[in-house]
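Taking it in order: structure first as C-alpha cells, then the write-up.
What follows is calculated from the coordinates using simple rules that are stated; it is not laboratory data. Just so you know, these numbers come straight off a predicted model, no measurement behind them. Methodologically, a virtual Cβ is constructed for each residue, glycine included, from the backbone with ideal geometry; neighbour enumeration extends over all protein chains shown.
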Amino acid sequence: MAFIDDLAMELFTLSLVGVISIYMTAKVYLEYRKKGTANLEEYLKPGIFPLGILGVVILIMGFYGEMTWPLPGSYNILFGDPFMFIGMILIMMVLAIWFKQKLQYVGILAFFAGIIAIYYGANAYLDKMTSSPIAMLGLYIAFGLTGIFTFPTTLIYDMLPGKEKASKTWTAVLVIFWIGLIVSAVLAAITAIEAVPQHLLVPP
C-alpha cells in the first residue's frame with residue numbers, strides 16, 4: 001500500500017470542525033438569550049450538515065490510517081487513534097441532534113476521548129515524537145479539554161428546556177468550551193499551514 005501523506009488535510013478538517021462548532025453553539029446561545037428555549041434544535045440543525053460531512057471524512061481517513069499503517073513506527077497510533085474518536089463522536093452527535101436524542105450520552109464519550117487525547121499527547125511529548133513538542137502537546141491538550149468540556153456542555157443543552165435562565169456556572173462552562181474550541185482550531189490550522197510546504201516538497 002502506497003504511503004499517502006494526508007496530515008495537513010487531517011489538521012485542516014479538525015480546524016474546520018472547531019470553526020463550525022463555535023459558530024453553531026454561539027448561534028444557539030444568542031438565540032436562547034433572545035427567545036428562550038423554544039426551537040433550540042432548529043438552530044442546531046443547519047450546522048450538523050457540515051459537521052456530519054466532516055465527521056464522515058475524518059472517520060474514513062482515520063480508518064484508513066488505522067487499517068493500513070501508513071506512517072512509520074507508531075505515528076499512526078498517535079494520529080490515528082484520537083482522529084478516529086473525533087470522527088465517531090461527530091457522527092454520533094449529528095445523529096443525536098437529528099433524531100432529537102439526549103446529547104449527554106455522546107458527551108460522556110467525548111469526555112473520555114478528551115482524556116485519551118491528553119494521555120496520547122503527553123506520552124508523545126515525553127517520548128519526543130515530534131520536532132515541535134510544545135505545539136503538539138498544546139494541540140492535544142486543547143482538543144482533550146474541549147472533549148472533556150463537551151460533556152457538561154451537552155448536559156446544559158439537555159437541561160435548558162426546563163430552565164428559565166442559564167446560571168452563571170453554566171455560562172462559565174460554555175465560555176471554557178468555546179475557548180477550548182478556539183485554541184484547538186487555531187493550533188490545528190497553524191500546524192497544518194506549517195506542514196503544507198514541507199510535505200509538498202517530499203511527496204510520497
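Comparing Ala122, Ala110, Ala142 in a Gaussian network model of the chain, where Cα atoms under 10 Å apart are tied by springs, the biggest mean-square fluctuation is seen for Ala122. Among Leu90, Leu200, Leu54, the order by Cβ neighbours within 10 angstrom, fewest to most, reads Leu200, Leu54, Leu90. Sequentially through region 179-184, phi angles give Karplus couplings (6.51, -1.76, 1.60; θ = phi - 60°) of 4, x, 5, 5, 4, 4 Hz, Gly and Pro residues having no value and appearing as x.
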